[in-house]
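Asks: One structure follows; several queries about it will come next.
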Amino acid sequence: MSNLIMMVSIDMPIAVRNALLATFITLMTVLSIALIVLVLLQRATESGLGALNGSTNNYVGEKKGRTLESKLKIATLVIGVLLLIVSVLYFICQ
C-alpha cells in the first residue's frame, strides 16, 4: 500500500492531478446514484429483521442466481465495492 502512495505522491503536474481528482469525484457521484437506485428497486422484506431472531428462510434453490432479486443484490454489492475502491483511490491521490 505504501508503494502505491509513493507512486501517486511523485511530482504530478497540477492539471493532471486536478483532472484525476475530478474524474474520481464524478465516478463517486455516478456510483452513489446507481447504488441509491439499486437499493430502492429492491423489494422490502421483513426477513431482514427476522434474521436477528434466527427466523430466516434460507434461500437455497435451483433459481438462486436467476431471479431479479438476486441480480439486484449482486449489482448492489458490486456497485458498493466499486464505490469503496474509487473513494479510497481518491483519498490516496489527494
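The values are calculated or read from the model by the stated rules, or taken from the named source; none is laboratory data. All values derive from a computational prediction rather than experimental measurement. Reconstructed Cβ throughout: ideal geometry from the backbone, glycine too, with neighbour counts over all protein chains shown.
Asks: So for segment 4-20 (the condition being closer than 22 Å to VAL81 by Cβ, at pLDDT 85 or above and surrounded by 12 or more Cβ atoms within 10 Å (Cβ to Cβ)), does at least one residue qualify? Give the derivation first.
Replies: First, the residues of segment 4-20 that are closer than 22 Å to VAL81 by Cβ: 4-5, 8, 20.
Narrowing the set further to residues that are at pLDDT 85 or above leaves 20.
When the remaining residues are screened for being surrounded by 12 or more Cβ atoms within 10 Å (Cβ to Cβ), the result is 20.
Within segment 4-20, one or more residues are closer than 22 Å to VAL81 by Cβ, at pLDDT 85 or above and surrounded by 12 or more Cβ atoms within 10 Å (Cβ to Cβ).
Asks: While we're here: Given the conditions (1) under 25 Å from ALA19 (Cα atoms); (2) among the hydrophobic types (A, V, I, L, M, F, W, C); (3) modelled with pLDDT under 60, report the number of the one that LEU82 does not fulfil.
Replies: So the condition that LEU82 fails would be (3).
Asks: Please go through segment 39-67 and pick out each residue that is assigned to a helix (DSSP H, G or I) and either modelled with pLDDT of 90 or more or among the basic types (Lys, Arg) (or both).
Replies: Residues of segment 39-67 that are assigned to a helix (DSSP H, G or I), as a first pass: 39-41, 47-50.
Residues satisfying the conditions are VAL39, LEU40, LEU41.
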